[in-house]
Amino acid sequence: MAVQAINDGIFCIDIQHPDRKMFDCIMPTEHGTTYNAYVVKGQTKSALIDTADPDFTKEFMDSVDRCEVNVIDYIIILHTEQDHSGSLPVLMKKFPRAQIVATEAVAKLMLTHLHIATDKFMIVNEGDQIELGGRSLTFFKIPFAHWPDNTMVYESSTRTLFSSDLFGSHYSSDKLFATNSHEIKVAARAYYAEIMMPFATQVRKYTEKVIEMAPSIIATAHGPIWNQPSVILQKYMRWTSDQVEKTVVVPYVSMHGSSAVIAERLCLRLASKGVSVLSRNLGKKPDSLVVQSGLVMRDLVTAAAVVYVLPTVLGGPHPAGSYCAMLMNAMRVKTPFIGLLGSYGWGSRASTIFAEMTSGLKKAERLSDVQFEGLPTEDQLAEVDKYADDLAAKIMQLGDRLI
């Protein structure tokens, strides 16, 4: 399904990569991904928006041929990352007279990442237009959604917005349009968590701008196209707000069962207080760490609290939990409450080290850490009950922040 018409004169080249299991070596992609490029035909000129990952250059070039475009007048690069620009060198050889169009930010990064000289580019600025004959393309800068160079292009006659990485999903499918698919919305949330969430403030501004533009179609760089833009726009407005759900995420690791006992007691007590709980075992299987950490990030898009339950290893938190906590710190989650419970063999600096690893989350309230030596007794588990009760009460006091 490499080439499909979106509407009259606009075609999507969606290169499918269904068996890609990881993105950027940190993000699990259960459903693979796509690399989307677009051909826009006017009465007098044609433009190609973005290319494809270099591993798929041949398939991409074959797809360009199937668009039945004899001449490409403009090759527009919205974002430097190689999954969007990697086929450009080959494309430039096939269409040597095409003008390469990009913002200055893209052109500078293309020099360092693909070694394409900046004098090869036609530089466009905010609001600039390219006329194709009967239709035009307008450029909008969206820095840090998610790189400093990301750009959007709007085709006004069909109200089609080419949004680059913004509003995307890692989801390989034979369906061109996302419509209102629950599964695709879940994939879009995971994508937001590890790509857009660190820049939520900027992303919210861009989302508001797009709502004002009122596009009929949002054509993303990854995943199915949004032919009902309100679906993803409403989600982004919620995800980028400070609102949270009555949910506690519990990432845990247990080497010999002690931490598992604590995690189970915590989850049961929270549930009894009317709080939803999502527990994630970071060490259950060899591939659990990355997969479950990815799920934790997705959970934390709207969770009210996260409580890690970890054993101590060589004085610090278990490395699997440390990885997840450091990733959480990098993703700048909005979770109001953060805590650590755990067990240790004979001594621990886990609390101090955990605080250092999550020091970037300055808006979050730090719950009192609780550490037990060895297998917790029933009296100690009663402390876990109180911990859960206190946390549930704090969540209920969030007021207007609760969804």
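The values are calculated or read from the model by the stated rules, or taken from the named source; none is laboratory data. Note that the structure is a prediction, hence the values are computed from the model and not measured. As a convention, Cβ positions derive from the backbone with ideal geometry for all residues, glycine included, and neighbour counts pool all protein chains shown.
Rundown of residues vs (1) in contact with a strand residue (DSSP E or B) (Cβ under 6 Å, 6 or more places away or on another chain); (2) among the hydroxyl-bearing types (Ser, Thr, Tyr); (3) at pLDDT 95 or above; (4) in the same structural domain as Met27 (by TED's automatic domain parsing), yes/no style:
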residue	(1), (2), (3), (4)
Ala330	no, no, yes, no
Leu341	yes, no, yes, no
Tyr344	yes, yes, yes, no
Ser359	no, yes, yes, no
Ala364	yes, no, yes, no
Phe372	yes, no, yes, no
Pro376	no, no, yes, no
Leu381	no, no, yes, no
Val384	no, no, yes, no
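For every residue, the table says whether it meets (1) under 25 Å from Val275 (Cα atoms); (2) crowded, with 20+ Cβ neighbours inside 10 Å; (3) not basic (Lys, Arg).
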position	(1), (2), (3)
Ala304	yes, yes, yes
Val309	yes, yes, yes
Leu341	yes, yes, yes
Asp379	yes, no, yes
Lys386	yes, no, no
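Within segment 323-347, the set of residues being of a type in the set (S, T, N, Q) and under 21 Å from the mean Cα position of the chain (by Cα) comprises Asn329, Thr335. Of these, Cys12, Cys25, which one is assigned by TED's automatic domain parsing to the domain that holds Arg189, assigned to a strand (DSSP E or B) and out of contact with any His (no Cβ under 6 Å at 6 or more places or on another chain)? Cys12 is the lone residue from the list that is assigned by TED's automatic domain parsing to the domain that holds Arg189, assigned to a strand (DSSP E or B) and out of contact with any His (no Cβ under 6 Å at 6 or more places or on another chain). The number of residues in segment 232-247 that are surrounded by fewer than 17 Cβ atoms within 10 Å (Cβ to Cβ), assigned to a helix (DSSP H, G or I) and free of Cβ contacts under 8 Å to residues at least 60 places away in the same chain comes to 2.
Going residue by residue through segment 208-224, is there one that turns out to be assigned by TED's automatic domain parsing to the domain that holds Val153, closer than 19 Å to Lys334 by Cβ and touching a residue at least 60 places away in the same chain (Cβ under 8 Å)? Before the answer, list the steps.
Residues of segment 208-224 that are assigned by TED's automatic domain parsing to the domain that holds Val153, as a first pass: 208-224.
Next cut, closer than 19 Å to Lys334 by Cβ only: 208.
Add one more test, that the residue is touching a residue at least 60 places away in the same chain (Cβ under 8 Å), and what stays is none.
No: zero hits.
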